[in-house]
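The values are calculated or read from the model by the stated rules, or taken from the named source; none is laboratory data. All of these numbers come straight from a predicted model, not from anything done at the bench. Note that each Cβ is placed from the backbone with ideal geometry, even for glycine, and that neighbours are counted across all protein chains shown. Surface accessibility is based on the protein's heavy atoms, side chains included, excluding ligands, DNA and RNA. Shrake-Rupley method; radii C 1.70, N 1.55, O 1.52, S 1.80 Å.
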Amino acid sequence: MKLPVWFHRFGSPPWVYGFAGACVPWLLICGVLAIAIGAYWGLAIAPTDAVQGEVYRIIYIHPQTAYIGMMAYTLMGIAAGIGFIWRIKLAHAVAVGAAPIGATFTFGALITGAIWGRPTWGTYWEWGDPRIMFELLLLFLFLGYLALRAAFDDRDKADRVSAILAVVGVVNVPIIHFSVDWWNSLHQTATVMQLDDPAMDPEMLVPFLIMVGGFTLLFYGLLFRRLQAGIVERESGARWLRELVEGAAS
Amino acid sequence: MSEFLAMGGHGSYVWTAYGITLAILLWNLWSAGAMLRRNLRRAARETAADEPARRPKVSQLEGE
């Protein structure tokens, strides 16, 4: 099978560096704008929840941070797997870029969840709640991936060993998603991801989805920026990079 | 306005959650850009450090 030319470009570090650099400002600007609009809408315009009152407004940030963490891990696992199997450095750079973003957003999901839990469930933390535990495991998988990489001086070895952890850990992502169906949990079952009949009022669903979109755009902007940084690190000494920085340094 | 900030008595929960999320977003925005700038500076230093060693080679080639 003959692959189209554009596909091969994704294996070229200078092309990916330039492509990512061109996308980053748009992704970040649109992401920040959407989050600002969504936050204002969610905090000031959306109606008060009949059961929870005003504290429900954490719904416009908590599921979004959790979703970004899970998406970041899935992407990290797939990219690390591709890098491991086909020995593609750029794929490993994608995985490395996704890890710190995913770790901080997963941490944010745990913290905002704890803050939300106190007034609604009467507790900040519940060790017996499966979704909280598997979300905590997700944070440890991100931190473990980064710590494992830091333990190797040789980058190729770090890529290969950390990729195994990244790929194995992907199984945790569907467990987090389905944990509310499989076990008794303080968390409610799927609210938005039942597309035929979302159990959320449109007045709340619209800002909710704007926030999902904003967080997603911001995530890819951050990932592309980190991918650029990773490419510069890995392409040390390459002619295109020398030419790039010579222009900037002089 | 004060009613908006009070969030029906749950203001401390809502604003703490939003504040922490904002801090995470800002850290991510700052650190991604800082990392690229740092790596580009290092690459520029390495390129500059290599230049003197390379020049004689080029002039030798030109002289041949």
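Quick notes
- Of A:GLN64, A:GLN188, A:GLN228, the one that fluctuates the most in a GNM where chain A has Cα springs shorter than 10 Å: A:GLN188
- Spatial separation of Cα centroids for the range A:210-250 and the range A:55-133, in angstrom: 22
- With all protein chains in place and ligands, DNA and RNA left out, the 1.4 Å accessible area ranks A:VAL171, A:VAL212, A:VAL51, A:VAL206 as A:VAL51, A:VAL171, A:VAL206, A:VAL212, largest first.
- Solvent-accessible area of A:ASP154, all protein chains in place: 80 Å² (probe radius 1.4 Å, heavy atoms, ligands and nucleic acids excluded).
- Within chain A: Cβ-based charge dipole about Cα centre, in debye rounded to nearest 20 (Lys, Arg +1; Asp, Glu -1): 1040
- Highest-fluctuation residue, A:GLY53, A:GLY169, A:GLY113 considered, GNM on chain A with Cα pairs under 10 Å: A:GLY53
- Of A:TRP183, A:VAL232, B:ILE24, farthest towards positive along the dipole that unit charges on Lys, Arg, Asp, Glu beta carbons give the protein assembly as shown: A:VAL232
- Theoretical FRET efficiency, 1/(1+(r/R0)^6), r = Cβ-Cβ of A:ALA50 and A:GLU243, R0 41 Å, to 0.05: 0.10
- Charging the Cβ of each Asp and Glu at -1 and of each Lys and Arg at +1, and nothing else, the dipole of the range A:101-202 about its Cα centre rounds to 360 debye.
- Neighbouring partner chain Cβ atoms per residue of B:42-51, average, 10 Å criterion: 5
- Candidates A:GLY214, A:GLY31, A:GLY11, ranked by Gaussian network fluctuation over chain A, Cα under 10 Å, top entry: A:GLY11
- Mean Cα-pair separation over length for the range A:24-230, i.e. relative contact order, pairs under 8 Å, 6 or more apart, %: 37
- Largest to smallest accessible area among A:TYR220, A:TYR124 [probe 1.4 Å]: A:TYR124, A:TYR220
- Ranked packing of A:83-91, B:13-21, A:100-108, most packed first, by mean Cβ within 10 Å: A:100-108, B:13-21, A:83-91
- Take each residue of peptide A:161-174, count the partner chain Cβ atoms within 10 Å of its Cβ, and average: the result is 0.
- Counting Cβ atoms of other protein chains within 10 Å of each Cβ in A:115-125 and taking the mean gives 2.
- FRET efficiency estimate (nearest 0.05) - Cβ-Cβ, A:ARG155 to B:ARG45, R0 25 angstrom: 0.85
- From helices alone, the protein assembly as shown scores -26500 deg cm²/dmol at 222 nm; the rule is -39500 (n - 2.57) for each run of n ≥ 4 DSSP H residues, then divide by the residue total.
- For the range A:206-220, 3J(HN,Hα) computed residue by residue from phi via the Karplus equation (6.51, -1.76, 1.60; θ = phi - 60°) reads 4, x, 4, 6, 4, 5, 4, x, x, 5, 5, 4, 4, 4, 5 Hz, glycine and proline entered as x.
- Calculated FRET efficiency, A:LEU137 to A:TRP86, Cβ-Cβ distance, R0 = 35 Å: about 0.80 to the nearest 0.05.
- Between A:ALA147 and A:ALA114, the distance separating the two model label sites (each 7 Å from Cα on the Cα→Cβ line) works out to 1.8 nm.
- Counting heavy atoms of the protein chains alone, A:PHE10 has an accessible area of about 100 Å² for a 1.4 Å probe.
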